[in-house]
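Student: Have a look at this one before I ask anything.
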Amino acid sequence: MKNNIIIFNHCTLLDEAGMLHPNQSLVIENGILTRITSDVLEGIDCSGLVISPGFVNLHTHAAMNIFKGIAEDVSIDAWFNEEIWPYESKMEEQDVYLGTRLAMAEMMKNGVTAYADHYFSPNAILRAAEEMGIKTDLAITLFGFAPNYQDDLKQAIELIRQNKNERVHLRLGPHSPYTCSPEVLKEIAGHAKVLGCGLHIHVSETQSQVDESIQNYGKKPLEIVYESACLDVPCIIGHGLYITPEEHPLLQKDTMISLSPKTYLKLAMGLGHMPDLIDDEHYAIGTDGAASSNSLNPLEQARLLGLVLKDVYQDARKAKLEQLWKLLMKGHEALPFNSGKLKEGYSADLIFWDLNQVHTMPVYNPLASILYSANETNIKAVMINGEWVKKDYQLLLDETLLIQEVNAQVQDLLKRGKGKAKVHF
Ligand SMILES: [Zn+2]
């Protein structure tokens, strides 16, 4: 990047802790925040806007946007075994590519500047990431029981070694302890350690997964993951709802659990032990794939989490605004993108909020307006590494063309229909 300086003045900053700082000037040099000051500097006037760090979506399967709405009002077993996995077995690279692009567009519209993906067909996802510009942490999905597991692992390691894109981080994604044996998990964790890349895995999503694990191995899923050295490296855990308070000491400093309450409500999964543990430092927000959650908006997830927790505790004083906001920001710590703080030296990954709209007025408390009233129309602009990806309320890409391409692909996908699933939930 050339020497590029952008200065904003009269900014109201909303930091990662949910604190407001009015009348600030912001200097960005080559994509990095280099000065934040109450001096009024010559620059672009941001009066009336609130500027916050971008959102993180810490667990999703972006390509599954192509399946959004395909399996509704079914049990979680039927969702996996009769719908999603049979469709996925006939999935082609182009489905992954377009589903991922659609997902990235939706996320950027909603202020997501970095996200953690967990999927196969990495080349299609990398192509989408290159074109779209959103910071992508891709865990290349590995099924230990798949016949081509060794080839997939080899290919993943090679891709991780070769990656040079600074907006992309690659890691290994063993799907779960129920699709990867303890030996396979150990092998993958060993490679992650050598590569210095971290892991991303589903653990204890449902009580039946925990029960089956005890039946098969005499141990709970987290214990297996721990003993396989998966937590010796930075690790993102998808869901982890049925991890108990007794198991929590197994979590390491750089273990982060991603919560997607909309999926739990929609698939009637319950909240497990999460409400007792939510005050711990190990939680952040993700959306899961759109085949289960139907949208990729972390803000919506945080809002639902707030409402559900207040109801679960039967106490409206719980799940305070600042706590929900911190959960939204926490995911940055699990990703290697130097983002998530309005501090000098951090990446300029920013949301510019316009709360002066009918549905968010009056603004007594900007955090309340954002968390409980705002939607993507309040996001005037989004910046990643100091570059606009959304400006004047519009994404800087041809949305009409993308929609046409997705529609054509869906016709093709439906014609192919369902195949035989390789794994069983
Ligand atoms: Zn998942």
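Student: For n ≥ 4 DSSP H runs only, could you compute -39500 (n - 2.57) per run for the chain, divide by its residues and tell me the 222 nm figure to the nearest 500?
Tutor: About -10000 deg cm²/dmol.
Student: Another question, then. To check my understanding: the extent here is largest minus smallest coordinate of the Cα atoms along each principal axis. What are those three numbers for the chain, in Å, largest first?
Tutor: Answer, in whole Å and largest first: 64, 47, 43 Å.
Student: Here's a follow-up. In nm, what is the difference between 0.36 nm times the number of residues separating Asn375 and Gln394 and their Cα-Cα distance?
Tutor: Length difference between fully extended and current span is 5.5 nm.
Student: Could you order the peptides 46-59, 355-368 from most to least packed, using the average number of other C-beta atoms within 10 Å per residue?
Tutor: 46-59, 355-368
Student: Mind checking region 310-346 for trypsin sites (Lys or Arg not before Pro) that DSSP puts in a loop (not H, G, I, E or B) and that have at most 12 other Cβ atoms within 10 Å?
Tutor: Passing both the DSSP loop test and the Cβ count: Arg317, Lys343.
Student: So if R0 is 41 Å, what FRET efficiency would Lys418 and Lys320 give, r being the distance between their Cβ atoms, rounded to the nearest 0.05?
Tutor: 0.35
Student: Would you mind ranking Asp152, Asp280 by Cβ crowding within 10 Å, fewest neighbours first?
Tutor: Taking fewest neighbouring Cβ atoms as first place, the list is Asp280, Asp152.
Student: If the label point is 7 Å along Cα→Cβ of Asn30, which residues in region 334-373 have backbone nitrogen under 18 Å from it?
Tutor: Residues passing the 18 Å test: 337-339, 344-349.
Student: Quote the FRET efficiency, to the nearest 0.05, computed for Asn216 versus Lys193 with a Förster distance R0 of 22 Å and r equal to the Cβ-Cβ distance.
Tutor: Efficiency, from the Cβ-Cβ distance: 0.30.
Student: I need Ser75, Ser369 ordered by Cβ neighbour count within 10 Å, fewest first.
Tutor: If I rank by nearby Cβ atoms, fewest first, I get Ser75, Ser369.
Student: Let me ask something else. Roughly speaking, what is the centre-to-centre gap between region 218-233 and region 258-321 when only Cα atoms are used, to the nearest Å?
Tutor: Region 218-233 and region 258-321 have Cα centres spaced 24 Å from each other.
Student: Under a crude label model (7 Å from the Cα following the beta-carbon direction), how far is Lys253 from Glu131 in nanometres?
Tutor: Between Lys253 and Glu131, the label points sit 4.1 nm apart.
Student: Using Cα pairs under 8 angstrom and six or more residues apart, how large is the relative contact order of region 55-334, in percent?
Tutor: Contact order relative to length: 21 percent.
Student: Right, next: Set the Förster radius R0 to 30 Å, insert the Cβ-Cβ distance between Lys90 and Ile403 as r into 1/(1 + (r/R0)^6), and round the FRET efficiency to 0.05.
Tutor: 0.85
Student: Let me ask something else. Roughly how many debye, to the nearest 20, is the charge dipole of region 95-233 about its Cα centre, given +1 on each Lys and Arg Cβ, -1 on each Asp and Glu Cβ, and no other charges?
Tutor: 400
Just so you know, all these numbers are worked out from the coordinates, no wet-lab data involved. What you see is a predicted model; the values in this text were computed from it and never measured. Here the Cβ is made from the backbone with ideal geometry for all residues, glycine too, and neighbour counts use every protein chain on show.
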